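A short write-up of the structure that comes next.
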Amino acid sequence: MSLILHIIIIASYFVFASAVALVAPRVVPSLSTDVAPLAAGMLFLACAIAHLVYAQANRNQRLLQDLTVVRRQTREIAEDLLNTQTQALQMRQTVDQAGRAGEQRVSEMVAEVKVLQGLIEVFSRKQEASALAAGEVQLAERPKLVAVEGGKAVSAPTVEDFGVVDDPEVIDIVREALRLDRIDVYLQPIVSLPQRKSRYYECYTRIRSEDGTVIGPGQYIGVAEREGLVSAIDNLLLFRCVQLIRRTQKRNYDTAFFCNISRESLSDTAFIGDFVDFVSENPDLAPKLFFEFGQSDIETAPPATIGNLARLADLGFRFSLDQVTHLNLDIQGLSAKNFRFVKVDASFLLDRNDELVGDIAREDIKKMLDRDGLDLIVEKIEDERQVVELLDFEIDYGQGYLFGEPRLSRTD
């Protein structure tokens, strides 16, 4: 209420009291003219006090309402400030996480480039060595069986196998594939039995020529061995396996990969040293990667190679024994070296007419492996009949075209 309105109301009280003072003696004869002004003054004072009380109460009510509004606004401002601080904190945490993730990714990329640099150096050394040794290497000196197409072992081919061992075109295709990154990785599932659920994947390499033709190991492995390029191919396969692990981790896909490593790669102390340095900074790789070695490679490995194997085992890597040709297995020794799988061919267990050389009977192999914590993988399973017969051995895992053929790994 404005001040002018208060003045008007007070003036009306004065007019009303004055009128009472003038009229009262006439209405009440007993009221003298001396008392009437006093009564009028008391009436004016009473009206003024009543008005003051009313005005003060009205003012207090308005102040209370204003205070309530101020409190509500203060609470809203505090909530907005808290939300702003929370958002700022979340944004700062997001930026920090992005920064740390970026730093980690840069570190990983630098480490991976270091491994790839080691691969290139190996490739260069092999090229130089092959150039110096040209004409001195004999075809008869080709080494062991090599893990190839779909988990099937193929012996190092002779000239008659494809007739182009001495053709420079084949050598050029392999070298160009290494140089221009035209070596693809194919994955074949390893399934648990009897559930047939994919648990692991084995990695294989195939080479693409310039016109897109896919060349399997049976066509190029002889030339690669002769020219000393098998180690370079193995190392590139290892590099691709690391990339596969990175992609599966981003998608929270829980699986692991088997990577075949030749004796040459395992004995390359320089490369193993670089890889050990890389893995030391990325310990999450060890549970996702199994290195697979041939039985003859392990049995005839020199101390330096066994030392490299121990370095990998110390970092948490586990191994698989492949290309088993006899059952004279030192299972306890394999377990001590961190071997966790033994892989045998289906025909190796099922061919009753084939006399096995070894101290362990076919029927006891699974039981003997279980004692020392090793699992049995049977590969080259091609039909349901084999599965039925193999279930009698209570095998842990199966692999072969029956469960899935090797497929090109995705690059995204």
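Determine which member of the set Leu266, Leu244 is modelled with pLDDT under 85, assigned by TED's automatic domain parsing to the domain that holds Glu202 and in contact with a strand residue (DSSP E or B) (Cβ under 9 Å, 6 or more places away or on another chain). Give the steps one after another, and end with the answer.
Numbers: Leu244 fails: modelled with pLDDT under 85.
Of the residues listed, the single one that is modelled with pLDDT under 85, assigned by TED's automatic domain parsing to the domain that holds Glu202 and in contact with a strand residue (DSSP E or B) (Cβ under 9 Å, 6 or more places away or on another chain) is Leu266.
Identify, please: which residue in the stretch 383-412 is hydrophobic (A, V, I, L, M, F, W, C) and crowded, with 17+ Cβ neighbours inside 10 Å and is, among those, nearest to the chain's Cα centre (by Cα)? Let's see the steps before the verdict.
Quick first cut of the stretch 383-412, residues hydrophobic (A, V, I, L, M, F, W, C) only: 387-388, 390-391, 393, 395, 402-403, 408.
If we keep only those that are crowded, with 17+ Cβ neighbours inside 10 Å too, we end up with 387, 390, 393, 395, 402-403.
On the way: Val387: 33, Leu390: 34, Phe393: 35, Ile395: 30, Leu402: 29, Phe403: 25 Å.
It comes out as Phe403.
Going residue by residue through the stretch 272-282, is there one that turns out to be closer than 30 Å to His326 by Cβ and in contact with a Lys or Arg (Cβ under 9 Å, 6 or more places away or on another chain)?
So the first thing to find is which residues in the stretch 272-282 are closer than 30 Å to His326 by Cβ, and the list is 272.
The next check asks that each one be in contact with a Lys or Arg (Cβ under 9 Å, 6 or more places away or on another chain); those that pass are 272.
Yes, the stretch 272-282 has at least one match.
Hey, Phe341 hits all of (1) farther than 21 Å from Glu379 by Cα; (2) at pLDDT 95 or above; (3) aromatic (Phe, Trp, Tyr) but one; which does it fall short on?
That leaves (1) as the condition not met.
Can you confirm whether the stretch 264-278 contains a residue that is under 21 Å from Asp375 (Cβ atoms), of a type in the set (Gly, Ala, Ser) and surrounded by 17 or more Cβ atoms within 10 Å (Cβ to Cβ)? Working first, answer last.
Of all residues in the stretch 264-278, those under 21 Å from Asp375 (Cβ atoms) come to none.
No, the stretch 264-278 has no match at all.
Report the residue count in the stretch 244-254 for those that are out of contact with any helix residue (DSSP H, G or I) (no Cβ under 6 Å at 6 or more places or on another chain) and within 26 Å of Gln323 (Cβ to Cβ). Don't jump to the end; show me each part of the working.
So in the stretch 244-254, the residues out of contact with any helix residue (DSSP H, G or I) (no Cβ under 6 Å at 6 or more places or on another chain) come out as 244, 246-254.
Now drop any that are not within 26 Å of Gln323 (Cβ to Cβ), which leaves 244.
Selection size over the stretch 244-254: 1.
Within the group Ala224, Ala256, which residue is of a type in the set (A, V, I, L, M, F, W, C), touching a residue at least 12 places away in the same chain (Cβ under 8 Å) and more than 22 Å from Leu312 (Cβ to Cβ)? Walk me through how you get there before you give the answer.
Working: Ala256 fails: more than 22 Å from Leu312 (Cβ to Cβ).
Ala224 is the lone residue from the list that is of a type in the set (A, V, I, L, M, F, W, C), touching a residue at least 12 places away in the same chain (Cβ under 8 Å) and more than 22 Å from Leu312 (Cβ to Cβ).
Go through the stretch 196-215 residue by residue and tally those that are within 19 Å of Cys241 (Cβ to Cβ) and of a type in the set (Gly, Ala, Ser). Before the answer, list the steps.
As a first pass, look at the stretch 196-215 and keep what is within 19 Å of Cys241 (Cβ to Cβ): 198-208.
Okay, now just the ones that are also of a type in the set (Gly, Ala, Ser), so 198.
The number of residues fulfilling the criteria is 1.
Taking the criterion of being charged (D, E, K, R), within 18 Å of Leu369 (Cα to Cα) and touching a Cys at 6+ places or on another chain (Cβ under 7 Å), would at least one residue in the stretch 288-299 satisfy it?
Yes: the stretch 288-299 contains one or more residues that are charged (D, E, K, R), within 18 Å of Leu369 (Cα to Cα) and touching a Cys at 6+ places or on another chain (Cβ under 7 Å).
Looking only at the stretch 247-260, count how many residues are over 16 Å from Asp184 (Cα atoms) and in contact with a strand residue (DSSP E or B) (Cβ under 8 Å, 6 or more places away or on another chain).
The qualifying residues number 2.
When you look at Asp234, is it under 13 Å from Leu312 (Cα atoms) and in contact with a helix residue (DSSP H, G or I) (Cβ under 9 Å, 6 or more places away or on another chain), yes or no?
no
If I ask for residues that are without any contact (Cβ under 8 Å) to a residue 12 or more places away in the chain and assigned to a helix (DSSP H, G or I), which ones from the stretch 317-346 would you list? Step through it out loud before you land on a result.
First pass over the stretch 317-346, keeping only residues without any contact (Cβ under 8 Å) to a residue 12 or more places away in the chain: 330, 333, 336.
Within the stretch 317-346, Gly333, Ala336 qualify.
In the stretch 224-261, which residues are charged (D, E, K, R) and either surrounded by 18 or more Cβ atoms within 10 Å (Cβ to Cβ) or in a helix (DSSP H, G or I) (or both)? Spell out the reasoning first.
Restricting attention to the stretch 224-261, the residues satisfying the condition of being charged (D, E, K, R) are 225-227, 234, 240, 246-247, 250-251, 254.
Residues satisfying the conditions are Glu225, Arg226, Glu227, Asp234, Arg240, Arg246, Arg247, Lys250.
The values are calculated or read from the model by the stated rules, or taken from the named source; none is laboratory data. Only a predicted model underlies this, so the values are computations on that prediction, with no experimental measurement involved. Cβ atoms come from the backbone with ideal geometry, glycine included; neighbour counts cover every protein chain shown.
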